Amino acid sequence: MGFQTEMVVMSIKEIGYSDENALLELLLTYKALGDEDALGNCSTSGCAPLRVEHGDDLDFESSNGDDDASDTQPSSGDCGDENFIRKMSEKDKKINPLVHMGFSENDANMAITRCGMDADLSVLVDSISASLVARDFDLSNHQVMNRCSDSFRGTKKIRLMEDRKKKRKRYGGTAHGNQIFLDGSHYEHMPPPNPMVGFSLPNYSQLSVDRKIPKKAIGRPFFYYENVAQALTGVWATISSSLYGIQPEFVDSKHLCAAARKRGYIHNLPIENRAPLLPLPPKTILEAFPRYKKWWPSWDTRTQFNCLRTSVACQQLTGSIGALARTGNPPPRNIQKDIIKQCKVYNLVWIGKNKVAALEPEEIEYLLGFPKDHTRGLAITNRYKSLGNSFQVDTVAYHLSVLRGMFPNGVTVLSLFTGIGGGEVALHRLGIHMRTVVSVEIDKTSKRIFRGWWDQTQTGTLIEFDDVKSLTDAKVASLVTRFGGFDLVIGGSPCNNLAGCNRYSRDGLEGKESVLFYEYPKILEAVEDAMSRM
Ligand code: SAH
């Protein structure tokens, strides 16, 4: 079709290659944006990652920051294109026989991501069969079995179902008596509601919620687990069944601040008498940043930002958009549409006449409810990354606010995957004293930010662990004894390949990092066991 090879490669890197139409659309967009120049410059100047990720309003769900695909997903600034092309064609060679066997390209791709490029065909077939059975057995059992090769009929399926049953039993699910997801059709499919307003929002009357919390999960320790809302099919059901079958509370933070952030939260906190952080944050872009009003064209009708993510547009892209904006006053409608599309994807703002720019890290801190300069001191890409992965503080604080009345003398917190401390900042802003926080975070830069904030604002004790896997049951038990148990066990998704939109590395809960999710219910169980022995 006449597109430059590099541009095709870059587009495949950004959105994968399973959706031909989307790929073509992206290539045409780049062409319209005159992005060939940007591409050339990006690869030589080492500009910030340019990545098309799914913006909420574009029906692309961003992900954890959503999307912190930054560890796994190559950026366009990478120089290793040849390497990438080689890897892709190796991958294609693996995918083709699987597609001939009747598996979808996407499933084949995901299996290769899970099992590695060197995995034998039989291992890949096994892996796809496992995920198909896991995903579909209650709905399209027949279809799955028809798609699997003969050797995977019958016994394999039974084994997989047994494994799943064991796992579920170990972590909750049936063992805790929850029926919500065990009644066939509801089991795997748990689409977030629309609108995503949770069980209540500040200043709105509470929705009537039929909330079932099993007896064993009522009260202390309270727990709170966050994950991107639009995860792959089956992910939420698994998370929920691992946490007493409690129904997630899905909230899009756009109902509380000026930026979207679609997340699900599974918790056993009461939901009555919640109180928001005051002052309520602005809910529109121009209320949050009135200075941009002067330059905001009337045809850019955005009022809120999409999900704030881990990467930003590079200067070449913002430059190209500026050039497009100058093609007329106003520019032609089709160009306006392209400009707005890019502005939505990258959350760009109008900082001058026909001039767009990415949000500054401190602006993102503000939108997410962190104190100014919270992440200052890190390299700028690390600031974007850690903020992109963090909680939206006002949203989380609204849920945690019920702890204030319950623990007037402060709380003892076990914080898993602490990041830059969104949960702790929320507690602090609520005026809840943290007597002790045991924080588990592997990333050195995030730890530095969190410790810096702690030292400046807190008087309690901070105990730090690096790897969540190092927290054995025995260690948990000794912490429980030492601190008299935990009032709150809080954690967030350790990575974003749970996000349905992360086409490059979306591999559900079995992904290299996302499998860490299982540490959360495991540690929670160890806390509960130790506390019940107290
Ligand atoms: N809720 C946090 C961010 C969570 S992002 C906030 O508000 O900032 C998930 C975090 O899990 C990341 O900071 C990542 O570094 C951390 N992580 C990933 N693997 C880990 C591991 N094995 N042990 C501990 N932390 C880990």
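The values are calculated or read from the model by the stated rules, or taken from the named source; none is laboratory data. Bear in mind the structure is a predicted one, so any value in this text is a computation, not a measurement. As a convention, Cβ positions derive from the backbone with ideal geometry for all residues, glycine included, and neighbour counts pool all protein chains shown. Just so you know, the surface numbers come from the protein's heavy atoms only, side chains and all, with ligands and any DNA or RNA stripped out. Shrake-Rupley method; radii C 1.70, N 1.55, O 1.52, S 1.80 Å.
Which entries in LYS215/LYS469; LYS447/LYS469; LYS254/LYS283; LYS262/LYS294 show an alpha-carbon gap greater than 19 Å?
Numbers: LYS215/LYS469 28 Å; LYS447/LYS469 17 Å; LYS254/LYS283 7 Å; LYS262/LYS294 30 Å.
Beyond 19 Å between Cα atoms: LYS215/LYS469; LYS262/LYS294.
Taking only protein heavy atoms and a 1.4 Å probe, what accessible area per residue, in Å², does segment 285-368 have with all protein chains in place?
Result: 44 Å² per residue.
Taking the Cβ of ALA477 as the centre, find all other residues whose Cβ is under 10 Å away and add up their charges (Lys, Arg: +1; Asp, Glu: -1).
+1
Counting Lys +1, Arg +1, Asp -1, Glu -1, what net charge surrounds MET117 among other residues with beta carbon under 10 Å of its beta carbon? Can you show the working numbers first?
Numbers: positive: LYS87, LYS91, LYS93, LYS94; negative: GLU90, ASP118.
Cβ neighbours under 10 Å give a net charge of +2.
At 7 Å along Cα-to-Cβ for each site, give me the label-to-label distance between VAL123 and ILE380 in nm.
In this crude label model, VAL123 to ILE380 measures out at 4.2 nm.
Using amide H atoms built in the peptide plane, which far-off residues or other-chain residues are under 5 Å from GLN247 H to H?
Here LYS212 satisfy the definition.
Compute the distance in nm between two label points, each set 7 Å from the Cα along the Cα-to-Cβ direction, one at LYS293 and one at ARG448.
Using points 7 Å along Cα→Cβ, the separation is 3.9 nm.
Cα centroid distance between segment 304-376 and segment 246-300, in Å?
19
Which net charge results when you count Lys and Arg as +1 and Asp and Glu as -1 among the other residues whose beta-carbon is under 11 Å from that of GLY410?
+1
So, by mean Cβ neighbours within 10 angstrom, what's the order for 305-316, 435-446, 244-255, 265-276 with the highest one leading? Numbers along the way, then the final one.
Working: 305-316: 25.5, 435-446: 20.2, 244-255: 23.6, 265-276: 17.2.
Going by the mean number of other Cβ atoms within 10 Å, highest first, we get 305-316, 244-255, 435-446, 265-276.
Suppose R0 equals 22 Å; then what is the FRET efficiency for HIS433 and GLN456 from their Cβ-Cβ distance, rounded to the nearest 0.05?
Computed FRET efficiency for HIS433 and GLN456 comes out at 0.90.
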